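Data first, discussion second: the structure below is written as structure tokens.
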Amino acid sequence: MGKLYLKQIVRSRLLSLLLKVRIGGLLLAAFALWVFAQIAEEVLEAESYAFDTSILLTIRSWHSPLLDIAMLGITFIGDPLVLSIICLILGAWLLQRQQKSEATTLAIAATGAIGLNILLKQLFSRDRPALWDRIVDVGQYSFPSGHAMVSMVIYGFIGYILATRYRRQQVGIISLTTLLITAIGFSRLYLGVHWPTDIIAGYAAGLVWLIACISSSRIWHRYRAK
């Protein structure tokens, strides 16, 4: 009888926590998923070529030696391998501070984002742009962008952690995080290694996974608090 009562309490609390997850976040995730689905359909039917090409050729006209160096640096900090190393360092720091739930969620977020991106690339098998001679060497398929997707998840989650710790600086933290993620996506277009729809789809898929990870982290924290 006591165990049954305890289970009922746990279930009711979990249901209450799930209902308290912000509706805005769920709607944003749903919208991002819809965006990804729409772009994926256009990619499969090869309907986005004219749109993608016109944007890339416009960006190509902005090239300069100084911007080349800047974009190479920005794209480097968005590389999934570099982001994985950042996650390992940050995860070790969080564990040292006894913040196991954040470290675990960060590991799940990073692993899931990278794994899902690889799976989607193989599923769509979209070739990368070849509109000009690129100054970087890239492999694998193009859709969706791994830099855009993984940076959205990892830098987004790091920004979330910082924003919850330093509430007075939330606006600045969110603004800088958004600027960084946007710059990484733009660098891939500037370097000619991704179509614009690759970047948008990467952001959309990454946002869905980021919201799922943040929501699960919030639910776990509230459950432990109760």
How far, in nm, would the chain grow between Ala70 and Arg97 when pulled straight, counting 0.36 nm per residue and subtracting the alpha carbon separation?
6.2 nm
For a Förster distance of 22 Å, can you work out the FRET efficiency between the beta-carbons of Ala107 and Gln140, rounded to the nearest 0.05?
0.45
At 7 Å along the Cα-to-beta-carbon direction for both Leu57 and Val171, put a label point, then send me their distance in nm to one decimal.
4.2 nm
Placing +1 at every Lys and Arg Cβ and -1 at every Asp and Glu Cβ, with all other atoms neutral, what dipole size does the range 111-226 have around its Cα centre, in debye to the nearest 20?
800 debye
Order 129-139, 93-103, 199-209 from most to least packed using the mean count of other Cβ atoms within 10 Å.
199-209, 93-103, 129-139
Could you tell me the distance between the Cα centroids of the range 174-203 and the range 39-111, to the nearest Å?
7 Å
A student asked for the Cα radius of gyration and Dmax of the range 118-226 in angstrom ought to give 16.4, 58
Calculated on alpha-carbon atoms, Rg and Dmax of the range 96-164 in Å:
15.6, 50
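Laboratory data are not the source of any read-out in this text; all were calculated from the coordinates shown. The structure displayed is predicted, hence computed values, not measured ones. Backbone-built Cβ (ideal geometry, glycine too); neighbour counts: all protein chains shown.
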